[in-house]
Amino acid sequence: MRRSLGILWLLFLMVAAPVFGQTIIERLITPGPLASAHARLESKCDSCHTSFRKQAQNGRCMACHRKVGADIASGTGYHGRYAPARSSACKACHSDHKGRGYALIRFATASFNHALTDYQLTGGHARARCDGCHVGGRKYRDAPTNCVACHQRKDPHRGQLGRDCQSCHDTADWKKPRPFDHSATHFALTGAHRTAGCQTCHAGERWRGLGTTCIACHAKDDAHKGARGTNCASCHTTTSWKQATFDHDTTGFPLVGGHAQASCASCHGANNAIRKPPRTCNACHARDDVHKGANGSDCAGCHSVRSWKQVSFDHDKLTDFPLKGAHRDAACRACHLRPAKEVKLSVTCASCHLKDDSHKGAFGTDCARCHNAAAWKGTAFDHDRMTRFPLAGKHATAKCQACHTQPAEKVKLSVSCGSCHAKDDVHLGKLGQGCARCHDATDWKTHVSFDHALSRFPLLGKHAAVACKDCHSDRTFAAKGIACAACHVDDHHKGALGTPSRCGTCHDTRDWKSWHFDHDRQTRFALTGKHKGLICAACHVRAGDPARIGSTCIDCHRREDIHRGGFGGDCQRCHTTESFSVVTMKQGGM
């Protein structure tokens, strides 16, 4: 009976912690005193621990640190954004039971990645000191994120424009504001106003009570000195102060042609001193009259306001010689050396162009049989319809004598390419006389119509732009190997990825430097942890078949084995590829 009571009493002492503090068992097995921050929980083990349930410890931590738990749940804050903090046990970083003076949080401000928080450091913030924002011993998470909280003392507007600084400024350059949508005010910025600096109008940080009329700002710019009133917008626009939009049509003298580009002062004088200038052509343009008054003052009879040099005399309708081609652009005096009323000109070509006849009269005076008025050097002989050899490509621009070295009536030329271009054949006749099978008349060297896609080596990617001679240097187009190694020597891998090189496994023809080898699926060795992102040469250092390289840790890391083979070559029993220094012994491993 006494023995039974003793057992019951021992069990009572083991489970009576919530009422009487730590149990004897808890005192015996505790690893050590708690840190100062947790000292009040020294006698309350169940605040952090649940008996026989290690996996419940994180939940205990979150019960006290609710904000951290909320961050993890929502994926925000440092603990919610940083994957290891989000998925690992709290004690992995915040271990305890190491004495009152032990720091639960070890934080290196110099190397901290602020991008893992909810506030990215951009612009000038990227160069700021930590204690510039995190002051007063407050928690890092409680630092303010609005501009005014830190920069209110530097606000040159003294709060007149509110607290939403980021609507105009950014972190790149505080003094250089972003474009402000001025249309949100009662004065939309148009024309030159768009490029004006804010202080041009808002001098002295004055943001309210400004006038919106032109004269409120531009009185000193008024060239009329108030003579035209204060409604500047009736003639001027914000695009250019000097450009007026006055509708001159309302005066009875519409501004058309060259008059439309004339300045107001050219007719009205400086400051519009001439209110009603004369309206006849001769009144303004007498000094421009090349006829010196011989044809009277009715300039508009031949000339128009579009161009003084352009005449409106209709030579096609009023004479027996319609002006066509180059004749239309010729000056009147080029043909009419004397007044038309005194001398009536002949309408034959030879009457004017006899000295231009390169045939020296051998073909008569009917030049129009071959030539036309569009261009003297262009002939109208239709080689396409009148011969067996239509002129295409470069043939169309070749001179007649380039082929017809003798009169065509005496020597009948062959129409085969080889008859003229045998000396240009870079294939030395080995491909026959049928040049047109690959070449055309547009360009002998570039317009090659051979379809390489019909061969066993279609030209793809960069190959499509390669000149034929770069591969077929002998111009005989003899068969050549289609493997990459046939043209491209493996100077980069030097056989470390196998010989002969199977370049197509990783590279394609789009870009030699762009490759796409999936090591996880195309080999028996998936790249995880630190292996991911390594360059090929980090493992493949010697020439040989890459498939024969060992896949065990010790095959590459034998020199890094601090156990010197004492635990064998199966490193992955304790280590992972994430970090060689972290030991994660698996149950049942040894």
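The values are calculated or read from the model by the stated rules, or taken from the named source; none is laboratory data. Fair warning: this is a prediction, and the values are worked out from it, not measured in the lab. We place every Cβ from the backbone using ideal geometry, glycine too, and count neighbours over all the protein chains shown.
I'd like the residue in segment 228-269 that is assigned to a loop (DSSP other than H, G, I, E, B) and at positive phi and, out of all such residues, is modelled with the lowest pLDDT. Here the residue is G229. The single residue among T552, T509, T523 that is surrounded by 10 or more Cβ atoms within 10 Å (Cβ to Cβ), within 30 Å of K462 (Cα to Cα) and out of contact with any His (no Cβ under 7 Å at 6 or more places or on another chain) turns out to be T523.
Scanning segment 108-139 for residues that are under 28 Å from S36 (Cβ atoms) and either touching a strand residue (DSSP E or B) at 6+ places or on another chain (Cβ under 8 Å) or touching a residue at least 24 places away in the same chain (Cβ under 8 Å) (or both) turns up L116, T117.
Can you report the number of residues in segment 157-201 which are part of a helix (DSSP H, G or I) and under 24 Å from C147 (Cα atoms)? So that I can check it myself, show each step before the final result.
Within segment 157-201, the subset part of a helix (DSSP H, G or I) is 165-167, 182-184, 191-195, 198-201.
Subsequent filtering for residues that are under 24 Å from C147 (Cα atoms) retains 165-167, 182, 184, 198-199.
The number of residues fulfilling the criteria is 7.
If we keep just the residues of segment 276-310 that are at negative phi and basic (K, R), which is modelled with the lowest pLDDT? That would be K309. Applying the criterion of being surrounded by 13 or more Cβ atoms within 10 Å (Cβ to Cβ) and of a type outside the set (V, I, T) to the residues of segment 40-55, the residue that is nearest to H97 (Cα to Cα) is E42.
Just one of the numbered conditions (1) within 30 Å of V148 (Cβ to Cβ); (2) in a loop (DSSP other than H, G, I, E, B) is not true of G204: (2). Annotation: S455 fulfils all but one of (1) closer than 30 Å to D508 by Cβ; (2) in contact (Cβ under 8 Å) with a residue 24 or more places away in the chain; the unmet one is (2).
Give segment 113-140 a look and list any residue that's under 37 Å from the mean Cα position of the chain (by Cα), farther than 18 Å from A172 by Cβ and not acidic (D, E), or say none. Lay out the reasoning, then the answer.
Of the residues in segment 113-140, the ones under 37 Å from the mean Cα position of the chain (by Cα) are 113-130, 132-133.
Next, only the ones that are farther than 18 Å from A172 by Cβ stay: 113, 116-118, 129-130.
Answer for segment 113-140, where residues must be under 37 Å from the mean Cα position of the chain (by Cα), farther than 18 Å from A172 by Cβ and not acidic (D, E): N113, L116, T117, R129, C130.
The requirement of being at pLDDT below 75, acidic (D, E) and over 20 Å from A375 (Cα atoms) is fulfilled nowhere in segment 311-322; no residue meets it.
Which residue out of I29, I25, I72 is among the β-branched types (V, I, T) and at pLDDT 85 or above?
Result of the check over I29, I25, I72: I72.
One residue stands out in segment 299-313 among those that are outside any strand (DSSP E or B) and in contact (Cβ under 8 Å) with a residue 24 or more places away in the chain: the one that is nearest to the chain's Cα centre (by Cα), namely R306.
What number of residues within segment 278-289 satisfy the criterion of being assigned to a loop (DSSP other than H, G, I, E, B) and surrounded by 13 or more Cβ atoms within 10 Å (Cβ to Cβ)? Even if it seems obvious, please write down each step before you answer.
So in segment 278-289, the residues assigned to a loop (DSSP other than H, G, I, E, B) come out as 278-280, 289.
With the extra rule that they be surrounded by 13 or more Cβ atoms within 10 Å (Cβ to Cβ), the set shrinks to 289.
Result for segment 278-289: 1.
Looking at A465, A486, A537, A526, just one residue is in contact (Cβ under 8 Å) with a residue 12 or more places away in the chain and aliphatic (A, V, I, L, M), and that residue is A537. Inside segment 540-578, residues that are in contact (Cβ under 8 Å) with a residue 12 or more places away in the chain, within 19 Å of Q522 (Cα to Cα) and not in a helix (DSSP H, G or I) make up a count of 5.
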